1. Looking at the stretch 180-201, can you tell me whether even one residue there is over 16 Å from the mean Cα position of the chain (by Cα), part of a loop (DSSP other than H, G, I, E, B) and touching a residue at least 60 places away in the same chain (Cβ under 8 Å)?
2. Could you tell me whether any residue of the stretch 348-361 is in contact with an Asp or Glu (Cβ under 6 Å, 6 or more places away or on another chain) and either touching a residue at least 12 places away in the same chain (Cβ under 8 Å) or not in a strand (DSSP E or B) (or both)?
3. Looking at Val50, Val57, Val130 in this structure, which one is closer than 18 Å to Ala309 by Cα and aliphatic (A, V, I, L, M)?
4. Any idea which residue in the stretch 128-150 is farthest from the chain's Cα centre (by Cα), counting only those that are among the basic types (Lys, Arg) and not in a loop (DSSP other than H, G, I, E, B)?
5. Assess whether Val332 counts as being in contact (Cβ under 8 Å) with a residue 40 or more places away in the chain and outside the structural domain of Glu35 (by TED's automatic domain parsing).
6. In the stretch 132-174, what residues are crowded, with 24+ Cβ neighbours inside 10 Å, closer than 27 Å to Pro40 by Cα and of a type outside the set (Phe, Trp, Tyr)?
7. When Tyr111 is evaluated against the numbered criteria (1) surrounded by fewer than 17 Cβ atoms within 10 Å (Cβ to Cβ); (2) of a type in the set (Ser, Thr, Tyr); (3) assigned by TED's automatic domain parsing to the domain that holds Thr55, which criterion, by number, is the only one it fails?
Amino acid sequence: MSIDFGLSDEQLALRDMAHDFAKNEMRPVAAHHDETGEYPWAVLVKAQEVGLLNTHVGPENGGLGLGAMDGMVIAEELAWGCSGIGTAMEANGLAQQPVILGGSEALKAKYLSPMTAGGGARPSMCAYAVTEPGAGSDVQGLKTTAVKKGDKWVINGSKMWITNAGVADWFFVVAVTDAAKLARGGMTAFIVERAQAGVTVGKKEYNMGQRCSDTRGITFEDVEVSEDNVVGQVGDGWKLAMAAFDYTRPSVSCAAVGVARAAMEHAIQYATERKTFGQPIANHQAIQFMLADMATEIDAGRLLCWKAAWMKDAGLRNTKEAAMAKAFCADVVMRTTTNAVQVFGGYGYSEEYPVEKLMRDAKIFQIYEGTSQIQRIIIAREMFSRK
């Protein structure tokens, strides 16, 4: 059986639709949302109308049930348009995935079906609330607890840097239920509604890049959650939270490819227009080599993303491949956007030109959904565990 690097007709149509949406609905307002930090509700409403939100929710809950590879082609185009708006659009997927993987049918019907229904004044949103002020990658540092009292779970603690926290209708929350076990079965996942008593959402964080993506802290103070809102089994919280990344890390990685591609395209255009020593700077070998490296690394990154997504769709374990895509693409987008600024020279450092924003937006790819250092730890662990 030969290897096919092509997309199906359906995937090509998805890519074209996402590209047109990014070009016509996202790019024209990207600078405004970067400057103001305003949440892009108007764009999200249009995205829901054309079917670009909640794409992985299954047909039984009103969604399209798209696969991981389908998500790749969409994520790259949306991030090409604006990764801040793209993150706002795609963040639902991270919170939804553990529910898709481990939630009961009743839980899916209650919380996923309304997200695909549409027809409201704004789309329904959710947030993945796992990271804490003192515990990101450090599982042992997780402090939020859930204690069983009668037929309720009582949650206390705080989460930090939660994407979509200020706009979410519900949160996917992981809390310690057995401190002696922690990641080995001592954490449990819950769906917590924002409207519940004891839930406090903090102020919006004004970040270096992706500024319209709503990032906040959340505090839970004696929040009572029904047994019905446990996701999966008691003790499966950390396993579900990490399993979601095998689906979402390739998508985030392909979003990094989209930002890098945008930066490269701007650099190529500028290099053909800007003249020094009587000729376009595109004729100078130093610039040609920079652009050639951009193109090579972008293609390599995309292929890593596609492989990780193909493996997931084929039912294969892709933890190592998803981490490889995330680590590589995060570094590529940082290098590419930095070099794009260099191609522009002094103009690139100015807010009047687009590559400055792309460079700021790029940095978060080396941090969220697991830092580049953590990805390398995962890769090494997987390498040794598969021996």
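The values are calculated or read from the model by the stated rules, or taken from the named source; none is laboratory data. Quick caveat, the model's predicted, so the values are computed rather than measured. As a convention, Cβ positions derive from the backbone with ideal geometry for all residues, glycine included, and neighbour counts pool all protein chains shown.
1. First, the residues of the stretch 180-201 that are over 16 Å from the mean Cα position of the chain (by Cα): 180-201.
If we keep only those that are part of a loop (DSSP other than H, G, I, E, B) as well, we get 180-181, 185-186, 194-198.
Among the residues that remain, those that are also touching a residue at least 60 places away in the same chain (Cβ under 8 Å) are: none.
Checked the stretch 180-201: no residue is over 16 Å from the mean Cα position of the chain (by Cα), part of a loop (DSSP other than H, G, I, E, B) and touching a residue at least 60 places away in the same chain (Cβ under 8 Å).
2. Residues of the stretch 348-361 in contact with an Asp or Glu (Cβ under 6 Å, 6 or more places away or on another chain): 357.
In the following step, the residues that additionally are either touching a residue at least 12 places away in the same chain (Cβ under 8 Å) or not in a strand (DSSP E or B) (or both) were identified as 357.
Yes, because at least one residue in the stretch 348-361 is in contact with an Asp or Glu (Cβ under 6 Å, 6 or more places away or on another chain) and either touching a residue at least 12 places away in the same chain (Cβ under 8 Å) or not in a strand (DSSP E or B) (or both).
3. Numbers: Val50 fails: closer than 18 Å to Ala309 by Cα; Val130 fails: closer than 18 Å to Ala309 by Cα.
Going through Val50, Val57, Val130 in turn, the sole match is Val57.
4. Step one: filter the stretch 128-150 for residues among the basic types (Lys, Arg), giving 143, 148-149.
Checking the rest, the ones that are also not in a loop (DSSP other than H, G, I, E, B) come to 148-149.
On the way: Lys148: 32, Lys149: 35 Å.
My answer is Lys149.
5. It is true that Val332 is in contact (Cβ under 8 Å) with a residue 40 or more places away in the chain and outside the structural domain of Glu35 (by TED's automatic domain parsing).
6. Once the filter is applied, which keeps residues that are crowded, with 24+ Cβ neighbours inside 10 Å, closer than 27 Å to Pro40 by Cα and of a type outside the set (Phe, Trp, Tyr), the stretch 132-174 yields Lys159, Ile162, Thr163, Asn164, Ala165, Ala168, Val173.
7. The single condition Tyr111 does not satisfy is (1).
Rundown of residues vs (1) of a type in the set (Asp, Glu); (2) buried (at least 16 other Cβ atoms within 10 Å of the Cβ); (3) modelled with pLDDT under 95, yes/no style:
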| position | (1), (2), (3) |
| --- | --- |
| Thr272 | no, no, no |
| Gly278 | no, no, yes |
| Ile287 | no, yes, no |
| Ala292 | no, no, no |
| Ala295 | no, no, no |
| Gly301 | no, yes, no |
